Amino acid sequence: QVQLVESGGGLVQAGGSLRLSCAASGRTFSSYGMGWFRQIPGKEREFVAAINWSGGSTYYADPVKGRFTISRDNAKNTVYLQMNSLKLEDTAVYYCGAGWAGGYQDAYEYAYWGQGTQVTVSS
């Protein structure tokens, strides 16, 4: 069992930066692929970024490439999402997921989810 707790969300002006953190419990964190998704009301959860168990491979959705960076620290059981050059359309609840083995872009591939953290980008 893995429990995930996101933090770091908030209100930021367009062009600004935020860093999200996802702290995981459990001894098997380092064996899991991790990912970040986002969701706005009335829409499906959308893939943002993913990282494999070692941190050696990272993947990004096209809208965030070049602006967001996913990383992990297995010693701290934490995965991060550094978000730069934020845009109005980045406003959403951001969720951390754990446990993908194959299809990192699909929410159903993830075994565990956090409760989400709100990111609001203002003009």
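The values are calculated or read from the model by the stated rules, or taken from the named source; none is laboratory data. These numbers were taken from a predicted model, which means no experiment stands behind them. We place every Cβ from the backbone using ideal geometry, glycine too, and count neighbours over all the protein chains shown. We work out accessible area using only protein heavy atoms, side chains counted, and drop any ligands, DNA or RNA first. Shrake-Rupley method; radii C 1.70, N 1.55, O 1.52, S 1.80 Å.
Close contacts from segment 44-56, counting a first residue that is β-branched (Val, Ile, Thr) and a second that is open to solvent by less than 30 Å² (accessible area, probe 1.4 Å) and assigned to a loop (DSSP other than H, G, I, E, B), with Cβ to Cβ under 7 Å and a gap of 6+ residues or different chains, come to VAL48/ALA61.
Please indicate, with yes or no, whether at least one residue in segment 94-101 is surrounded by fewer than 18 Cβ atoms within 10 Å (Cβ to Cβ) and modelled with pLDDT of 95 or more. Step through it out loud before you land on a result.
Going through segment 94-101, the residues surrounded by fewer than 18 Cβ atoms within 10 Å (Cβ to Cβ) turn out to be 99, 101.
Narrowing the set further to residues that are modelled with pLDDT of 95 or more leaves none.
No, that holds for no residue.
Among the residues making up segment 2-58, those that are more than 12 Å from THR78 (Cα to Cα), in contact with a Leu (Cβ under 7 Å, 6 or more places away or on another chain) and small (Gly, Ala, Ser) are GLY8, GLY9, GLY10, ALA14, GLY15, GLY16, SER17, ALA49.
Scanning segment 74-93 for residues that are at pLDDT 95 or above and either of a type in the set (A, V, I, L, M) or not in a loop (DSSP other than H, G, I, E, B) (or both) yields a count of 12.
Selection over segment 27-74 of residues that are of a type outside the set (A, V, I, L, M, F, W, C), open to solvent by less than 70 Å² (accessible area, probe 1.4 Å) and closer than 18 Å to GLY114 by Cβ gives a count of 11.
For segment 106-118, name all the residues that are assigned to a loop (DSSP other than H, G, I, E, B), modelled with pLDDT under 95 and open to solvent by 20 Å² or more (accessible area, probe 1.4 Å). Those that are assigned to a loop (DSSP other than H, G, I, E, B), modelled with pLDDT under 95 and open to solvent by 20 Å² or more (accessible area, probe 1.4 Å): ASP106, ALA111.
Would you mind stating whether SER30 is among the polar types (S, T, N, Q) and at pLDDT below 95? When the stated conditions are applied, SER30 passes them. May I ask you to list the residues in segment 19-50 that are among the acidic types (Asp, Glu) and either in a strand (DSSP E or B) or under 19 Å from SER71 (Cβ atoms) (or both)? GLU46, the sole residue that qualifies.
Just one of the listed residues (GLN82, GLN13) is more than 14 Å from the chain's Cα centre (by Cα), in contact (Cβ under 8 Å) with a residue 60 or more places away in the chain and open to solvent by 50 Å² or more (accessible area, probe 1.4 Å), namely GLN13.
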